[in-house]
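Quick note: the coordinates plus some simple rules give every number you see, no bench work behind them. Given the structure is predicted, the values throughout are model-derived calculations rather than measurements. Heads up, the Cβs are rebuilt from the backbone with ideal geometry, glycines too, and the neighbour counts pull from every protein chain shown.
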Amino acid sequence: MVWASTGRVARFLQGYGQEIVVAAAILVLFGVVDAVNPRFLAPVNLNTIFSGNAYIAVAAIGMSLVIICGHIDVSVGSLIGVLAVIAGTLAVKGYPVWVAWAVPVVAGVACNAAIGALIAYSRIPSIVVTLGMMSILRGGLISVTGGTWITNMPAGFFIAQMRLFGVPLPVYFMLVLTAITAFWMRSFTAARAIYAVGGNAEAARTTGFSPERTCIFVFALHGFFAGIAALLFATQLQVIQSTVPANLELTVITASVIGGVSILGGTGTVIGSTLAAILFGTISSSLIFLNVSAYWLRAVLGLMILATVLVDMARRRRSA
Amino acid sequence: MKLTTGTLAFTFSLLAGGAMADSVWTGGDSLPTNPLACDATPGTVAAQPYNGGAPTNPPDRKGKKLTVVDIPKLIGIGYFNATSKGIADAAKELGNVDVKTDGPTKANIDDQITFIDNYITSGVDGILFSANDPVAIAPVLKKALSKGIDVVGYDADASPEARQWFVNQAQFNGIAKALVDNLAKEIGEDSSFAIVTSTFTTPNQARWIAEMGAYAAKCHPKLNFLETVEAQEDNVLSFNQASTLINKYGDKLKGIFGMTSVATPASAEAVTQANLCGKVAVIGLATPNAMRPYVNKGCVKSVVLWNPVDLGYAAEYVLRAVADGVLKPGATSVKAGKLGELQVINGSEILLGSPFVFDNSNIDKFDF
Amino acid sequence: MTRALLRHETIFAVILLAALALLASRSDRFFTLDNMLNQGRLMAEVGLVALPMTFVIITGGIDLSVGSTLGLVAILLGVLWHNVGLPLPLAMVLGVAAGGLAGLGNGFVITRFRVPPLIATLATLALYRGLAEGISQARSVRGYPEWFYVLGQGDAAGVPVQLWVFLAAALLAGFILTFTTFGRTTYAVGANEVAARFSGLHVDRAKLLIYTASGLVAGLAAVIFVSRVSTTRSDMGTGVELDAITAVVLGGTSIFGGRGTIVGTVLGLILIQVLKNGLALSGVKGDGTIVVIGAVLIASTLLSNLFRRDGNG
């Protein structure tokens, strides 16, 4: 494969290697499962896979930015739970629907900007701050809601159930936000600051980027995406639970990491994390279609994550 | 390249291996089943000697104010919000009970044990519980008994010697019969159904599923079980799993059982969003508030099989009766406020009564 | 450096004493010998897991799979004894060994394949938990012989058995970390891995040993847990990793590696346990306790950073 190892094709393969691996895995699964049960690729099931996991993809966009910048956020699951409840409560109390949509997003930005400031100026590692915030948000949510679910929201509120030209809105959110962010990451200085600070903060400082302001900015962006994800999450069903979705943060982090964002900071794209979120949805759905014994579901999932990671590492070593 | 193909091949072979699913009935436990008769003959329950535990040297609590704590499997889901409300209502009626509900935010035995342990130390008079695991919770409950605390369970039992009484919403085989009969009525004898449950390690759900299997095999042999999926207590996951089931089986799937108060509304939502309202039946345990939109639309015909508020209410009254010395080992019935006399079965269980069905005619009257 | 370290531990000890005093004043059942020993019993499993976690974090790594390893070993213990029919002591030993194997697997993926520890243990978190679920087929194993329960529910000389185990393990871990070459290697790897490698230290071997130890100790904690609750379940140990990491970080170990002590970890464990217990005794419900612990984590790290002069995060 000489043509693959020279020139622009080679650079493309190297630069987007992990994304290609993930996309390939999705296509292989599509092929294999469809052969077993053709209903797998029916529009309704594709809809379940894409639309049902769109909120994870959107949250993973923000998480990818945070990880590229050299930090991590384990409180995103709790934050989404809280923002979802805020959205639902506003809707039930009779506020206009756009208010119920806008306030959680603003709240997400504000909350995470504060976290970002704390991390930037107090020098506490991000894992510590977000570990603490995770507890605070999780406990606080129960304290405030008393554990009751939110029901009886007005019909116009359910943004995740609306469709445009037959395609559910969450899919648009996922694709459009990914595309815009990916383009922005390649072309704008502010985005380059994120990569630079993630790669080497002190070196970035000497070239004129401020690690502190970048950190706050990145976390604020992350809060924006978390807010949108919370809206998509909250409006899929007619009730909103008042407990935080279990393991959501691990799923989002795994999606970012599998998608090629390096935990060491400085590299990766958001296209990979979106593809990875889609891969997870595909895997969950295919395990049911393939009649994998439910008892072995999680083991198979873990094995696939490990396999994807090992493949990525092998690929990096070969190209290094 | 070799490593890539190697790992991918290995992974897919594992998938294929896992694809050879084991027994047809997944989700049920392996304890002996006792299906009821196919007609309306009630099951016979032989009288049994009292098999509950006893507190060691309890102080005389007759007529005195009680401090009681209610520790359900987890807090934050509709079902336990309802039982908690029932307990609070009973406490208000009794007037001399101070009760609060506290519990873990995840259905985790370790957390639940820690909660109970802390309340033992703080010196409560009585503990109400719904166990995440009947055996794991036994040591700490026995410790409570040894400190003279009264212990009464509801909804999910512990080993009998670890508590004094257990308020049972309905017999496992009775619930199984009602569920399967109702589904067969809606979808016909010659149809296929699937189950959405919480996890395979929740004892109640596992018992119900096992009993449902035995009863269906006995009385509705043509009903075809497709599969069971797990959805924990997460309603978005339940929705996705139910949707995937609908996608996978297409026309073949005629009915879905929701085994938890989270799974049933989520399954109903999946059916609604797939525009299969009325074509796929959804039956199961849920609270009226969560199911009202579906029942009013005609998507779901009947819901829930007992009243969790009454369950909590009865549990609180039982605890008061135990503390007052009114309910003693060997009793055959107990008075529980507005619910009247409740029967004692199986030695130390108190039966709430017959299943309660919410449907179009009465669902608007409830708020929990 | 010793002075700076001592500064953090002393600040921490002061915070701990203040918390103890405050909680004791809110409830007279808090500061009794009976209660303290009982808390020691409840703390043993997370405590054991936090000891090798200290080593792991000092080397700049992390191990998120300890909870799943705990669940896996618990299930294996039951299955080996009940289904395979091995004598219980042998099943216990094999179970703990399996935990070590799981840890070795982690170490292998991290050193041989150079996968970052966060990712590797994130994958094994799912894999090991999945193995536990698959092997157990959702069945629990119960009905152990009486002598088995002594480990988790019994006392020796008035002190809970598992507390003795934890104290012994803590002393051993502290000794290794502070006085042996291995301990110094651990610090060196965390401070600057490349420099450590070039200085001729066996970095990979150290890491392998540390992750294996993490798995082994998780296995031991699993045996104690099964003994304490007298049954096995595949969901045992969920969340233990975050509790352990919180305790380690609270105790002054830097998540970036290179700094940390066992004393700090033990103090962190004690603080979290007394908070959970003391707050419950003074009437705060579960959700409030979770919020307080989160706030304490952030506040105490903030406080100790304020007192630190060397500018490292």
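Only one residue of A:156, A:108, A:120 has its Cα farthest out toward the positive end of the dipole of region A:102-247, where Lys and Arg carry +1 and Asp and Glu -1 on Cβ, and that residue is A:120. For region B:171-303, the orientation-averaged shadow of the C-alpha convex hull comes to 6.9 nm² (one quarter of the hull surface).
Simple point charges give the picture: +1 on the Cβ of Lys and Arg, -1 on the Cβ of Asp and Glu, and for the protein assembly as shown a dipole about the Cα centre of about 2200 debye.
Remark: region C:33-303 projects, on average over all directions, an area of 15.0 nm² (convex hull of Cα atoms). Shown in residue order for region B:98-107 are the 3J(HN,Hα) couplings computed by the Karplus curve 6.51 cos²θ - 1.76 cosθ + 1.60 at θ = phi - 60°: 10, 10, 9, 9, 9, x, x, 8, 10, 7 Hz (x for Gly and Pro). Counting only the backbone N, which residues of region B:121-157 are under 14 Å from the spot 7 Å out from the Cα of residue B:57 toward its beta-carbon? It comes to B:146-149, nothing else.
Residues in region A:203-229, backbone N under 16 Å from the label point at residue A:190 (7 Å along the Cα-to-beta-carbon vector): list them, ranges by number please. Taking a point 7 Å out along Cα→Cβ of residue A:190, the residues of region A:203-229 whose backbone N falls under 16 Å are A:209-226. Listed from fewest to most Cβ neighbours within 10 Å, the set C:202, C:82, A:71 follows the order C:202, C:82, A:71. Relative to the Cα centre, the charge distribution of chain C, modelled as +1 at Lys and Arg Cβ and -1 at Asp and Glu Cβ, gives a dipole magnitude of about 480 debye. Note on C:40-49: average number of Cβ atoms from other chains within 10 Å of each residue's Cβ is 1.
For residue A:167 and residue B:224, a Förster radius of 25 Å and the Cβ-Cβ distance give a FRET efficiency of 0.15, rounded to the nearest 0.05.
For region B:196-203, the Karplus equation 6.51 cos²θ - 1.76 cosθ + 1.60, evaluated at θ = phi - 60°, returns couplings of 10, 10, 7, 10, 6, 9, 7, x Hz by residue, with Gly and Pro reported as x. Only alpha carbons enter this Debye calculation for region C:165-285, each as an equal point scatterer, and the log10 of I(q)/I(0) it gives at q = 0.09, 0.18, 0.23 Å⁻¹ is -0.32, -1.11, -1.46.
Subtracting the Cα-Cα distance of residue B:335 and residue B:67 from their residue separation scaled by 0.36 nm leaves 94.4 nm. For chain A, the relative contact order comes to 35 percent (Cα pairs under 8 Å, sequence separation of at least 6). In the protein assembly as shown, a dipole from Cβ-located charges (positive for Lys and Arg, negative for Asp and Glu) runs towards its positive end, and of B:258, B:346, A:145 it is A:145 whose Cα lies farthest in that direction. Taking the number of Cβ atoms within 10 Å of each Cβ as an exposure proxy, the fewest-first ranking of A:111, A:215 is A:111, A:215. Seen from every direction in turn and averaged, the convex hull around the alpha carbons of chain B projects onto 20.4 nm². Overall shape of region B:73-165 was characterised from the C-alpha gyration tensor. The equivalent ellipsoid obtained from it has semi-axes of 19, 17, 12 Å, in decreasing order. Shielding value for B:247-254 is 4, the average number of Cβ atoms from other chains within 10 Å of each residue's Cβ. The distance from the alpha carbon centre of region C:238-313 to that of region A:52-107 is 27 Å, rounded to a whole number.
Across region C:297-303, rounded Karplus estimates of 3J(HN,Hα) from the backbone phi angles (6.51 cos²θ - 1.76 cosθ + 1.60, θ = phi - 60°) give 4, 5, 4, 6, 5, 4, 4 Hz, Gly and Pro being marked x. Return the percentage of antiparallel bridges among DSSP beta bridges fully within the protein assembly as shown, rounded to the nearest 5 %. So the antiparallel bridges amount to about 30 percent of the total. Inter-part distance, region B:71-122 to region A:291-308, computed on C-alpha centroids, equals 36 Å. Across region C:1-144, the fraction of Cα-Cα pairs farther apart than 24 Å, rounded to a whole number, is 52%. Among the trypsin sites (Lys or Arg not before Pro) found in region B:35-122, those both in a DSSP coil and sparsely packed, with 13 or fewer other Cβ atoms within 10 Å of their Cβ, are B:62, B:64, B:65. Whole-percent P(r), chain A, all Cα pairs, 10 Å bins from 0: 6, 25, 33, 25, 9, 2, 0.
As a length-normalised measure over Cα pairs under 8 Å and 6 or more apart, the relative contact order of region B:171-303 settles at 26 percent. Positive-end ranking of C:280, B:53, A:224 along the dipole of the protein assembly as shown, with charges on Cβ about the Cα centre, is headed by A:224.
For chain C, the relative contact order comes to 34 percent (Cα pairs under 8 Å, sequence separation of at least 6).
Neighbour counts of other Cβ atoms within 10 Å put B:324, C:287 in the fewest-to-most order B:324, C:287. In this Cβ point-charge picture (+1 for Lys and Arg, -1 for Asp and Glu), region A:39-289 has a dipole of about 200 debye about its Cα centre. Ignoring solvent entirely, what values of log10 I(q)/I(0) come out of the Debye formula for the protein assembly as shown at 0.05, 0.09, 0.10 Å⁻¹ when each Cα is a single scatterer? So the normalised log intensities are -0.29, -1.01, -1.28.
Just how far, in whole angstrom, is region B:246-300 from region C:109-184 if you go by their alpha carbon centroids? One Cα centre to the other: 43 Å.
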